[in-house]
1. Give the residue list of trypsin sites (Lys or Arg not before Pro) in segment 38-117 that are DSSP loop and have at most 15 other beta-carbon atoms within 10 angstrom.
2. Residues with amide H under 5 Å of LEU287's amide H, sequence separation 5 or more or different chain, H placed in the peptide plane at 1.01 Å from N; which?
3. Taking Cα atoms, how many degrees apart are the long axis of helix 76-90 and the longest axis of the chain, rounded to 10 and kept between 0 and 90?
4. In a Debye calculation with equal point scatterers on the alpha-carbon sites of the chain and no solvent, what is log10 I(q)/I(0) at q = 0.10, 0.16 Å⁻¹?
5. Please list, or write none, the aspartates and glutamates whose alpha carbon is within less than 17 Å of the alpha carbon of LYS116, excluding same-chain residues fewer than 8 places away.
6. Can you work out the accessible area per residue across segment 151-294, with the rest of the protein chains kept in place, probe 1.4 Å, in square angstrom?
7. Taking H placed 1.01 Å from N in the peptide plane, check which residues at least 5 places from TRP123 or on another chain put their amide H under 5 Å from its amide H.
8. Provide the net charge surrounding PHE241, with neighbours chosen by a C-beta distance below 13 Å and charges set as Lys +1, Arg +1, Asp -1, Glu -1.
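The values are calculated or read from the model by the stated rules, or taken from the named source; none is laboratory data. Just so it is clear, the structure is predicted and the values come from calculations on it, not from any experiment. So basically every Cβ, Gly included, is an ideal-geometry build from the backbone, and we count neighbours across all protein chains shown. With ligands, DNA and RNA removed, areas are computed over all heavy atoms of the protein, side chains included. Shrake-Rupley method; radii C 1.70, N 1.55, O 1.52, S 1.80 Å.
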Amino acid sequence: MDASAVQLERSEQRVIEPPVEMLPTEFSDWQRLLESRVGIVINDRRRYFLQSHLTARMREVGIRDYAAYYRYVTQGVDGAIEWTSLLNHLTVQFTQFFRHTPSFEVMESYLSERLKTSPGKVWSLWSVGCSSGEEAYSMAITASEVLRHAGLPETYGVFGTDISSEALNRARLGLYMAQKVQSVEASLRKRYFQDHADGRLSIVPALRSRLCCARLNMLELAKAPLSGMDVIFCQNVLIYFRRWLRKDILNQLVNKLTPGGLLVIGVGEMSNWTHPELVPLGDERVLAFTRRVA
Ligand SMILES: C[S@@+](CC[C@H](N)C(=O)[O-])C[C@H]1O[C@@H](n2cnc3c(N)ncnc32)[C@H](O)[C@@H]1O
């Protein structure tokens, strides 16, 4: 079992109270709803995860049965609002700073190279499924470091998008438990984080101001007004989707890359995938591609 699967399993074990057992028809209604709206596949192995998180939310809103709650979230404005809240419960938001080190090393050498070939370019970076911001800030730190070493001003912006409004609020806040920041190298921690009296650490305002967060469903990428991206990270999200949908999402992301741009996917999240406009990076530690320059 790889690290993401272990983390997924652990997060799914965070169950507060025993859930009510679901009828088979209720389970398939909820499966269909989640897959059609957000792409997330809930197979039989994750039935308990679905039941426990639905039950927790149903208790909060005072609804006791799955069918009634289903009707509630699928109808009217109140349902749409409730759906947004429910997604905060049903999405796995585990993340870490510099979660996959080789991916950030690749990004660093890619940007250093780009400085030589396209000097003066303002970089657009994108963390797709950014959760509470750790990946997006790690991208920002990587870009800041490359520019700092070159003695250049910080000319870049990072977009962080996610389906979970709660995760995005945490990303915007940029305030983390000390334990979360432990994976950040000491010199970077000193430069890009500040201590709080309660022991937590926050991202320094200059770095935080580089990040722009927005709620975006990956099933609606075609509609997203984002294009000309220099670097896109899409890690630990595709694993929840069916293979045809992963391909579809990746094809959309290619359209969002600038010619010469870099796409970094989670290792093992998409096997045997090629795209006519992409060149694999040829570093077996990562799953990364650059877009061909016409
Ligand atoms: C496990 S986290 C990964 C965070 C980060 N990319 C990383 O690698 O550490 C997965 C994130 O994807 C988001 N997500 C799941 N389905 C999504 C969808 N259809 N559209 C946008 N974000 C989605 C979840 O809300 C969650 O924050």
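1. Working: sites: ARG45, ARG46, ARG47, ARG57, ARG59, ARG64, ARG71, ARG99, ARG114, LYS116; in loops: ARG64, ARG99.
Those that pass, being in a loop and sparsely packed, are ARG64.
2. The list, which skips near neighbours in sequence, is ILE265, VAL267.
3. 70 degrees
4. Calculated log10 I(q)/I(0) at the listed q: -0.58, -1.33.
5. Here the aspartates and glutamates satisfying the reach criterion relative to LYS116 are GLU108, GLU145, GLU154, ASP230.
6. On the way: 7320 Å² over 144 residues.
Per-residue value: 51 Å².
7. Hits under the 5 Å cutoff: TYR156, GLY157.
8. Numbers: positive: ARG37, ARG242, ARG243, ARG246, LYS247; negative: GLU35, ASP248, GLU269.
Taking every other residue near PHE241 into account, the sum is +2.
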